[in-house]
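Here the structure comes first, spelled out in C-alpha cells, and everything after it is commentary.
The values are calculated or read from the model by the stated rules, or taken from the named source; none is laboratory data. All values derive from a computational prediction rather than experimental measurement. Note that we place each Cβ from the backbone using ideal geometry, even for glycine, and neighbour counts take in every protein chain shown.
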Amino acid sequence: MRGSSTGRDRSRAVALPVLLSAVVLVTAGRSADAPDTGGAVSDSGSVTVFAAASLRDSFTELARQFEQENPGTRVVLTFAGSSDLATQISEGAPADVFASADTRTMARLQDDGRLAGDPVDFASNTLELAVPPDNPADITSLADAARPGVKTVVCAQQVPCGAATAQVEELSGVRLSPVSEEASVTDVLGKITSGQADAGLVYATDVQRAGEAVLGIGVPEAADVVNTYPIAFLTDAADPDAARSFVDFVAGPEARVVLEAAGFGAG
Amino acid sequence: MTGRALPRWVLVLAAGGALFVILPVVAMALRVDWPNFLALVTSGSARAALLLSLRTSLAATLLCVVFGIPMALVLARTSFRGQGLLRSLVLLPLVLPPVVGGLALLYTFGRRGLLGGSLNAAGIDIAFSTAAVVLSQAFVALPFLVLSLEGALRTAGTRYEVIGATLGAGPWTVLRRITVPLVLPALVSGTVLSFARALGEFGATLTFAGSLEGTTRTLPLEIYLQRETDPDAAVALSLLLVVIALVVVGIAHRVRPLGSGAVARGVRAGG
C-alpha cells in the first residue's frame, strides 16, 4: 500500500482486521452456554469430552449425573466418529477427555503423546445382524445374509465395525458379499431403517437404540469378537483433576448401570 | 495492474478472499507425502474410484444437459402462473444439504420410496447401483446448468429471436441458429460447473447409493474412507481431485473465446 492513502482508506484498512477478529472471537466459542475451556487460563470446573458417536445417549446421561454429583462442574460433549475425533485432537482441538470406540484409535493418540496416563477400558460392544422390522428377506442367521440376492450392508474394513465384521466372517466361515461397505455403522443402520437393504451387521447398542425401527438377530460367533471402548484424559487438559474424575466416573459402577442399559458389555 | 482503478479497500478484501480459498489448498499440498504420491493415487482402489467418478460424472452431466437446457428455456422464454415458485423448487438442490438431497432421493427412488414399488414392478432396482450414484450427482448438479443458462438467456434477450422469426425461421431454426449460439459460453460453463459439482458429490451418494468399490464408491467417498486408516492416501487423493477440478475449469475458460466467436457467427447468421 502506498503512503498516499487517505485517512478514510486507512480507517477501512484497519476496520477489516478488527471486523475479522470480531467474527473469529464471536464464532470461536463452542456454544453460547458452554464456557470456553480452550484458553491457556485454567478454567476449573469444566470438562470437554470428545466421545465416539455410539456413546451419544449414554454419555449425555452420564454427563448429567456427573454434573449433579459435582455441582459447579460442566461437561461439554462432542460426538463424532472416533477416527475424526482423534484427528481433531491431533490437530489441536481443545479436548480434555477422549472416549474411543476402539483401542486402535486410542493407541494412535497414545503414540502421538496426547494421553496423560494409560487409557481405561470402560465398555465393550459386539456385532448383531439388523434387519427391517418386517424382515423382507426372511433372515434368521448370518448364512441367510450371505444368500445370493439378499442385499446385505456392512462397515468397510477401514473402520472398527468393519474390522470386527471381517473377524466374524472368518470365525463363522460365512463369506458375505455386501452390496455396500459403509464408512460408519450409522450409515449401515440407516440403510436398514430405510428398507434399502435386507440385512446389515451393526453393534448390539445400535439395535437397542433403533428400537422398533429394526429387528436384531444374534450371531453366535460375534460374541467372540469384542470391540473395546477405552477412555483417557489428555495431556492438554485445561483442568486435569476434573478430567481425571470424569474418567474415573465413567469407569465406575454408577456408569456401568447406564452403559449396560444401552446394551454395552463390560470393559 | 491494468484496468479501471478500484478503491484500495476493494483490493484488500479481494486479496483476503482469494487467500481464504487458496491457503487451504496450499496447506493440503504441503501435507502430501510427495515421494509416495504416485503410488498413492494409482493404487487399485484409487483407480477404481477415479474411473467410477469420471464415468458417473459424465453420465450425470449428460442428464443435466438433456433436461437442463429445456428447463432453462422454459423458465426464461415462457411465463405462466407459479413460474417463480417452480424456479425456486428447481434450484432447491443448490441450497439443500446434500445429505438431505440423498434422503429425498431415497424416499423417491428407494425400495420403499414413492416410485420404488413401480420401479420394482418394472424390474428396475437401482438400490446400491451405479445408476443411483448418477441420479445423486445429477440431482445436485442440475441447478448449476439451469441457473447459468437461464441467466444468459435473459441477458441475451429475445431481440434476435424475434427478428429471426419475422424473417421466416421456425421455432427449431431460431433455437438452433440464434438462441443456442447466443448463450453457448454460458452453456459451456454451466455444463462444466455441473460436471465439477457431480465430481465432488458426496453426501447424497453416501445416503442414497452406498459405498462399494467399483460400483458406488466414487473418489470423494474413497477419500472419506481412506482418511480412517491412511490419511496420506486421503490427502493425495484430495489433491488429485483438486487438480482434476482445476483442469476442468481451465478447459472451460479456454473454450469461452471460441464460444464467443460462435455467438458472433450465430448472430450474423440469424440476422
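Only one of the listed residues (A:Asp111, A:Asp121) is surrounded by fewer than 17 Cβ atoms within 10 Å (Cβ to Cβ) and at pLDDT 95 or above. That residue is A:Asp121. Among the numbered conditions (1) in contact (Cβ under 8 Å) with a residue 40 or more places away in the chain; (2) out of contact with any strand residue (DSSP E or B) (no Cβ under 8 Å at 6 or more places or on another chain), the only one that A:Arg147 does not meet is (1). Counting only residues that are of a type in the set (Val, Ile, Thr) and either touching a strand residue (DSSP E or B) at 6+ places or on another chain (Cβ under 8 Å) or farther than 18 Å from B:Ala72 by Cα (or both), the range B:153-172 holds 3 of them.
Taking the numbered list (1) modelled with pLDDT of 90 or more; (2) in a helix (DSSP H, G or I); (3) within 14 Å of chain A (Cβ to nearest Cβ); (4) over 21 Å from the mean Cα position of the chain (by Cα) in turn, B:Gly164 passes all entries but (3). Identify, please: which residue in the range B:206-229 is more than 8 Å from chain A (Cβ to nearest Cβ) and assigned to a helix (DSSP H, G or I) and is, among those, surrounded by the most Cβ atoms within 10 Å (Cβ to Cβ)? Per the stated criteria, the residue is B:Phe208. Restricted to the range A:121-174, and to residues there that are under 14 Å from A:Ala223 (Cα atoms) and acidic (Asp, Glu), the residue that is nearest to the other protein chains (Cβ to nearest Cβ) is A:Glu169.
Of the listed requirements (1) in a loop (DSSP other than H, G, I, E, B); (2) crowded, with 23+ Cβ neighbours inside 10 Å; (3) of a type outside the set (Asp, Glu), A:Leu189 misses just one: (1). Within the range B:5-53, if we keep just the residues that are within 14 Å of chain A (Cβ to nearest Cβ) and in a loop (DSSP other than H, G, I, E, B), the residue that is modelled with the lowest pLDDT turns out to be B:Ala5. Can you tell me which residues in the range A:175-185 are facing chain B (nearest Cβ under 10 Å) and part of a helix (DSSP H, G or I)? Across the range A:175-185, there are no qualifying residues.
Restricting attention to the range A:223-243, and to residues there that are within 17 Å of A:Gln65 (Cβ to Cβ) and modelled with pLDDT under 95, which single residue is surrounded by the fewest Cβ atoms within 10 Å (Cβ to Cβ)? Break it down into steps so the answer makes sense when it comes.
Start the filter on the range A:223-243 by keeping residues that are within 17 Å of A:Gln65 (Cβ to Cβ), which leaves A:231, A:242-243.
Next cut, modelled with pLDDT under 95 only: A:242-243.
Values: A:Ala242: 27, A:Ala243: 25.
Checking each candidate, the answer is A:Ala243.
For the range B:117-130, the count of residues that are touching a Phe, Trp or Tyr at 6+ places or on another chain (Cβ under 8 Å) and either exposed (fewer than 14 other Cβ atoms within 10 Å of the Cβ) or without any contact (Cβ under 8 Å) to a residue 12 or more places away in the chain (or both) is at least one.
Across the range A:85-103, the number of residues qualifying as closer than 23 Å to A:Val226 by Cβ and surrounded by fewer than 19 Cβ atoms within 10 Å (Cβ to Cβ) comes to 1. Within the range B:135-174, the set of residues being within 15 Å of B:Glu201 (Cα to Cα) and of a type in the set (S, T, N, Q) comprises B:Ser136, B:Gln137.
In the range B:96-116, the qualifying residues are those that are assigned to a helix (DSSP H, G or I) and modelled with pLDDT under 90, and the one that is nearest to the other protein chains (Cβ to nearest Cβ) is B:Gly116.
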